[in-house]
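Below is one structure, written out as structure tokens; comments come after it.
The values are calculated or read from the model by the stated rules, or taken from the named source; none is laboratory data. It should be emphasised that the depicted structure is a prediction, and the values quoted were computed from it without experimental measurement. Please note: Cβ atoms are built from the backbone with ideal geometry, for glycine as well, and neighbour counts cover all protein chains shown.
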Amino acid sequence: MLAMEHRISDDIDLFIRDPQWIGFLTPRLNDKFEHLINTYDEGATSLKLKFNDGEIDFIVSMSLLGLDNKVSSECLFPLEPVAEVLAKKLFYRGWALTPRDLFDWHAIERYVPLLDTHELMLAELIAARVDGIRMALDQMGTSKQSAIVWQEIRTHELPDLKQTIQWAQGRLGKFQAMSEQAGKDKASGRRPVER
């Protein structure tokens with residue numbers, strides 16, 4: 001997502017696989033950088049460190065799509081493929097989708113289109129969550145606060161919120177149709193049709 005340079009962000013999400021890392025990083029048990037942190041929120045599978053200039057979220061999560069991480073000369077950490085980032089946004093917090101999440105989703109599919117196989121994997125992954133994502137989009141479309149947050153996104157190109165919500169609803173319709181067809185194909189013993 002960093003390489004897309006689609007918006008300015010004041011936070012970083014780092015997905016980690018081992019929950020023991022939370023214990024090493026939490027200011028509750030580690031005072032090495034406590035003086036730099038304003039506050040923090042700690043859970044069993046997440047840690048949010050809040051600084052003057054932004055936030056760092058450590059989130060314990062395995063890969064949902066099983067894709068290999070990417071390596072970049074610009075970053076010391078392995079980077080998850082954008083399809084994986086999108087899968088996690090929609091799977092874990094689609095029911096509470098924020099304007100920034102919607103903007104990121106739109107940017108991902110605009111600048112780094114999903115491969116057909118990734119699209120089908122994503123469709124099957126979020127099949128049971130589509131209604132919750134739709135509800136979040138509907139609420140976003142009528143929320144004045146969401147419109148304000150949308151306008152505050154720092155980017156060189158901000159699409160219209162209502163049109164982006166309509167686009168996302170269309171994408172959900174496509175994902176739902178793909179998932180239903182894949183289910184029918186599996187039930188009949190046919191292999192999914194490559195698109």
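Couple of notes before you dig in:
- Filter result for F24 (more than 24 Å from R154 (Cα to Cα) and assigned to a helix (DSSP H, G or I)): yes
- Considering residues of the stretch 142-156 that are charged (D, E, K, R) and free of Cβ contacts under 8 Å to residues at least 60 places away in the same chain only, the residue surrounded by the fewest Cβ atoms within 10 Å (Cβ to Cβ): K144
- Listed by first and then second residue, the pairs linking a residue in the stretch 161-186 that is among the acidic types (D, E) to a residue that is surrounded by fewer than 14 Cβ atoms within 10 Å (Cβ to Cβ), with Cβ atoms under 9 Å apart and 6 or more places separating them unless they lie on different chains, are D185/R191; D185/V193.
- Given (1) touching a helix residue (DSSP H, G or I) at 6+ places or on another chain (Cβ under 6 Å); (2) without any contact (Cβ under 8 Å) to a residue 60 or more places away in the chain, index of the condition R17 fails: (1)
- In this structure, Q139 does not qualify as free of Cβ contacts under 8 Å to residues at least 24 places away in the same chain, surrounded by fewer than 16 Cβ atoms within 10 Å (Cβ to Cβ) and within 20 Å of D10 (Cβ to Cβ).
- Residue tally, condition assigned to a helix (DSSP H, G or I), at pLDDT 95 or above and closer than 28 Å to Q151 by Cβ, over the stretch 107-130: 2
- Output for the stretch 37-96, where each listed residue is in a strand (DSSP E or B), of a type in the set (D, E, K, R) and touching a Lys or Arg at 6+ places or on another chain (Cβ under 8 Å): D41, E42, E55, D57
- Scanning the stretch 5-47 for residues that are closer than 29 Å to H106 by Cβ, surrounded by 15 or more Cβ atoms within 10 Å (Cβ to Cβ) and of a type in the set (A, V, I, L, M, F, W, C) yields F15, I16, L47.
- Any hit, the stretch 85-95, residues being farther than 20 Å from L14 by Cβ and either out of contact with any strand residue (DSSP E or B) (no Cβ under 8 Å at 6 or more places or on another chain) or surrounded by fewer than 16 Cβ atoms within 10 Å (Cβ to Cβ) (or both): yes
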